[in-house]
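Trainee: Attaching a single structure in structure tokens format; questions to follow.
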Amino acid sequence: MEQKEELGLTVKKSEDFNEWYNQVVLKADMIDYSLVSGCIVFKPNSYAIWEKIQKAFDDKIKKSGHKNCYFPMFIPESLLKKEAEHIEGFSPEVAWVTKAGDTELSERLAIRPTSETIMYESYAKWIRSWRDLPLLLNQWNSVVRWEFKHAKPFLRTREFLWQEGHTVHATREDAEKEVMQQLFEYVDLIENYMAIPVIAGKKTEKEKFAGADYTTTVEAFMPDGKALQMGTSHLLGQNFAKVFNIKFLDKDEKEKYAWQTSWGLSTRTIGAIVMVHGDDKGLIIPPRLAPVQIVVVPILFKENKEVIIEKAKEIAKKLKSKNYNVEFDDRDGYTPGWKFNEWELKGVPLRIEIGPKDVEAEQLVLVRRDTNEKIVIKAKDLEKKTEQMLNDIQDSLLKKAKEYLTKSIVEVHNFNDFIDAIKNKKMPKALFCGSAECETSIKDKAEGATCRCVPFEQKPAKGHCVQCNAEAKYWAVFGRGY
């Protein structure tokens, strides 16, 4: 009994969300805190999820001709400052290297907050002709942004892991096509692998990436009433090309500035998976991203221990041969109940139990992590039922999350209702004028809520701005964010 109490969560998700989240990521063995303030250790249980995300996305972008590369993490100050708007957006968060041993460096080096400047210096050397385009590169790396806000594992840390794509094109049309292609690759990845529904749209001028023409985004909504930016794709236009002199000789023999994009998704998505799907028992990991998809637990008694272990091993072996990630748990010294609790805490989607009665009846007990439902199946139907159940768990998690998102978006027509929606942990959707001054005013009056995006799916924006009463340009979705 004592083991169970140490293992389980001591708070409910609905009662203390922040403490619940912190307990889940620690007790499910996802992270450890490090001596560096604001930085975490990714333990194998969380890093394996990131590897699955990496694999899924890497396969996607390679199919469309993108190649991986790696640029230095140190960026000379003179390079970082080349694009004024860009550095202004990042300067409060940049960490600097000023010494090597006891020797002062002749020029400060920034530890990569993002890679535009270090990459585009090289791009200017590599690109000469239209034949060199498009250049489609991506990096998997870490970045450092010296946040001063309260750190939260995965969601807001001083160092985090991500991918950053940086592409160069001959025309604006090609660059815009790239922006949208990658944004909707994110939509597919997040919805069909992470089982988290998102709103796709455009950021306002105030919220766009520093140095971009415009930013597109995919936004999710968390159970504590906060929005989370899950991935962004930017049209950089010719802004960086002009600063870094990225030119090419076009087919018409004229020299032109190139058009650029950048797009990124980070390990904050792991935090979203924890928050959206987890429950009072711990993690629930969607089957497509689960490091362990199925755990086989033999229920042992002295008299027929060997027979049960043998049968359980057979089951695990059969499922492994079908490329499932399977754990076989025959650890001594732990009761079956304790093991069940541990695997539930770690979010394994499906558990298979087999005891003496099951061996005798040639049956198995399957337990779903998402609903805790127990299903007895014939042993001969193992492969068919396992596949069906994992697919159903994946679909059910997305369906449940979609229902939550749908009921969380509320259309409002006056500012009092707008503020009430924020207070009630909803996402107000309202007519908006689009001005930066109005957006600042909304943030000041509505508990720090910002415009999360202008959704691509729009109905006619007839009427006046919810806050300033000027003529509305579009419908926008607002919310407090991380």
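Trainee: Go through the stretch 379-406 residue by residue and tally those that are among the β-branched types (Val, Ile, Thr), touching a residue at least 40 places away in the same chain (Cβ under 8 Å) and more than 29 Å from Gly355 (Cβ to Cβ).
Mentor: Looking only at that region, the number is 0.
Trainee: Can you name the number of the only condition in (1) farther than 17 Å from Lys226 by Cα; (2) touching a residue at least 60 places away in the same chain (Cβ under 8 Å); (3) small (Gly, Ala, Ser) that Ala361 fails?
Mentor: (2)
Trainee: Here's something else I'd like to know. Testing Leu7 on (1) hydrophobic (A, V, I, L, M, F, W, C); (2) in the same structural domain as Ser266 (by TED's automatic domain parsing); (3) surrounded by 12 or more Cβ atoms within 10 Å (Cβ to Cβ), one condition comes back false. Which one is that?
Mentor: Only one criterion in (1) hydrophobic (A, V, I, L, M, F, W, C); (2) in the same structural domain as Ser266 (by TED's automatic domain parsing); (3) surrounded by 12 or more Cβ atoms within 10 Å (Cβ to Cβ) is unmet by Leu7, namely (2).
Trainee: Out of the stretch 65-124, which residues are at pLDDT below 95, among the acidic types (Asp, Glu) and farther than 23 Å from Thr215 by Cβ?
Mentor: Passing the criteria: only Glu77.
Trainee: Taking Asp280 as meeting all but one of (1) touching a strand residue (DSSP E or B) at 6+ places or on another chain (Cβ under 8 Å); (2) surrounded by fewer than 22 Cβ atoms within 10 Å (Cβ to Cβ); (3) in contact (Cβ under 8 Å) with a residue 12 or more places away in the chain, write down the number of the exception.
Mentor: (1)
Trainee: Let me ask something additional. Pull up the stretch 335-383, narrow it to residues that are among the basic types (Lys, Arg) and under 28 Å from Lys27 (Cα atoms), then point me to the one that is farthest from the chain's Cα centre (by Cα).
Mentor: Among those that are among the basic types (Lys, Arg) and under 28 Å from Lys27 (Cα atoms), it is Lys374.
Trainee: Restrict the check to the stretch 258-274 and report whether at least one residue is closer than 21 Å to Gln388 by Cβ and in contact with a strand residue (DSSP E or B) (Cβ under 6 Å, 6 or more places away or on another chain).
Mentor: No, there is no match, as no residue in the stretch 258-274 is closer than 21 Å to Gln388 by Cβ and in contact with a strand residue (DSSP E or B) (Cβ under 6 Å, 6 or more places away or on another chain).
Trainee: Scan the stretch 119-141 residue by residue and report those that are crowded, with 18+ Cβ neighbours inside 10 Å and either among the polar types (S, T, N, Q) or not assigned by TED's automatic domain parsing to the domain that holds Phe240 (or both).
Mentor: Selection gives Asn138, Gln139.
Trainee: While we're looking at this one, here's another question. Can you confirm whether Tyr193 is touching a Leu at 6+ places or on another chain (Cβ under 7 Å) and of a type in the set (Phe, Trp, Tyr)?
Mentor: Working: touching a Leu at 6+ places or on another chain (Cβ under 7 Å): yes; of a type in the set (Phe, Trp, Tyr): yes.
Taking the combined requirement at face value, the residue satisfies it.
Trainee: Right, something else. Return the residue satisfying two criteria in turn: it lies in the stretch 144-171 and is of a type in the set (Phe, Trp, Tyr) and modelled with pLDDT under 95, and of such residues it is farthest from Lys256 (Cα to Cα).
Mentor: Of everything passing the filter in the stretch 144-171, Phe148 is farthest from Lys256 (Cα to Cα).
Trainee: Every residue in the stretch 148-189 that is part of a helix (DSSP H, G or I) and aromatic (Phe, Trp, Tyr), please. Break it down into steps so the answer makes sense when it comes.
Mentor: The first filter runs over the stretch 148-189 and keeps only residues part of a helix (DSSP H, G or I), leaving 172-189.
Within the stretch 148-189, Phe184, Tyr186 qualify.
Trainee: Residue by residue through the stretch 249-260, note down the ones that are out of contact with any Leu (no Cβ under 6 Å at 6 or more places or on another chain), part of a strand (DSSP E or B) and buried (at least 19 other Cβ atoms within 10 Å of the Cβ).
Mentor: Selection gives Trp259 alone.
Trainee: Residues in the stretch 391-402: is at least one within 30 Å of His464 (Cα to Cα), in contact with a Pro (Cβ under 6 Å, 6 or more places away or on another chain) and not hydrophobic (A, V, I, L, M, F, W, C)? Give the derivation first.
Mentor: First, the residues of the stretch 391-402 that are within 30 Å of His464 (Cα to Cα): 402.
Now drop any that are not in contact with a Pro (Cβ under 6 Å, 6 or more places away or on another chain), which leaves 402.
When the remaining residues are screened for being not hydrophobic (A, V, I, L, M, F, W, C), the result is 402.
Yes, some residue in the stretch 391-402 is within 30 Å of His464 (Cα to Cα), in contact with a Pro (Cβ under 6 Å, 6 or more places away or on another chain) and not hydrophobic (A, V, I, L, M, F, W, C).
Quick grid of which residues meet (1) aromatic (Phe, Trp, Tyr); (2) part of a helix (DSSP H, G or I):
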residue: Asp395; (1), (2): no, yes
residue: Leu398; (1), (2): no, yes
residue: Tyr404; (1), (2): yes, yes
residue: Lys407; (1), (2): no, yes
residue: His413; (1), (2): no, no
residue: Ala430; (1), (2): no, no
residue: Asp444; (1), (2): no, yes
residue: Cys453; (1), (2): no, no
residue: Lys459; (1), (2): no, no
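Trainee: Just a yes or no: is a residue in the stretch 234-245 within 29 Å of Tyr21 (Cα to Cα) and crowded, with 19+ Cβ neighbours inside 10 Å?
Mentor: Let us first name the residues in the stretch 234-245 that are within 29 Å of Tyr21 (Cα to Cα), namely none.
Scanning the stretch 234-245 turns up no residue that is within 29 Å of Tyr21 (Cα to Cα) and crowded, with 19+ Cβ neighbours inside 10 Å.
Trainee: So, in the stretch 37-52, how many residues would count as being of a type in the set (A, V, I, L, M, F, W, C) and out of contact with any strand residue (DSSP E or B) (no Cβ under 8 Å at 6 or more places or on another chain)?
Mentor: Here is the first cut: in the stretch 37-52, the residues of a type in the set (A, V, I, L, M, F, W, C) are 39-42, 48-50.
After this cut, where a residue has to be out of contact with any strand residue (DSSP E or B) (no Cβ under 8 Å at 6 or more places or on another chain) as well, the list is 48-49.
Counting residues in the stretch 37-52 that are of a type in the set (A, V, I, L, M, F, W, C) and out of contact with any strand residue (DSSP E or B) (no Cβ under 8 Å at 6 or more places or on another chain) gives 2.
Trainee: Would you mind finding the one in Ile284, Ile309 that is over 30 Å from Phe17 (Cβ atoms), hydrophobic (A, V, I, L, M, F, W, C) and either over 25 Å from the mean Cα position of the chain (by Cα) or outside the structural domain of Phe209 (by TED's automatic domain parsing) (or both)?
Mentor: So the residue among Ile284, Ile309 that is over 30 Å from Phe17 (Cβ atoms), hydrophobic (A, V, I, L, M, F, W, C) and either over 25 Å from the mean Cα position of the chain (by Cα) or outside the structural domain of Phe209 (by TED's automatic domain parsing) (or both) is Ile309.
Trainee: In the stretch 298-334, what count of residues is obtained for those that are part of a loop (DSSP other than H, G, I, E, B) and either surrounded by 13 or more Cβ atoms within 10 Å (Cβ to Cβ) or not polar (S, T, N, Q) (or both)? Before the answer, list the steps.
Mentor: Step one: list which residues in the stretch 298-334 are part of a loop (DSSP other than H, G, I, E, B), which gives 299-301, 322-325, 329-334.
In the following step, the residues that additionally are either surrounded by 13 or more Cβ atoms within 10 Å (Cβ to Cβ) or not polar (S, T, N, Q) (or both) were identified as 299-301, 322, 324-325, 329-334.
Counting residues in the stretch 298-334 that are part of a loop (DSSP other than H, G, I, E, B) and either surrounded by 13 or more Cβ atoms within 10 Å (Cβ to Cβ) or not polar (S, T, N, Q) (or both) gives 12.
Trainee: For Asn416, are the conditions met, namely being modelled with pLDDT of 95 or more, out of contact with any Leu (no Cβ under 7 Å at 6 or more places or on another chain), more than 23 Å from Ile190 (Cβ to Cβ) and surrounded by fewer than 16 Cβ atoms within 10 Å (Cβ to Cβ)?
Mentor: The answer is yes for Asn416.
The values are calculated or read from the model by the stated rules, or taken from the named source; none is laboratory data. Just so it is clear, the model here is predicted, and its values are computed rather than measured. Neighbour counts are summed over all protein chains in view; Cβ atoms, including those assigned to glycine, are modelled from backbone coordinates with ideal geometry.
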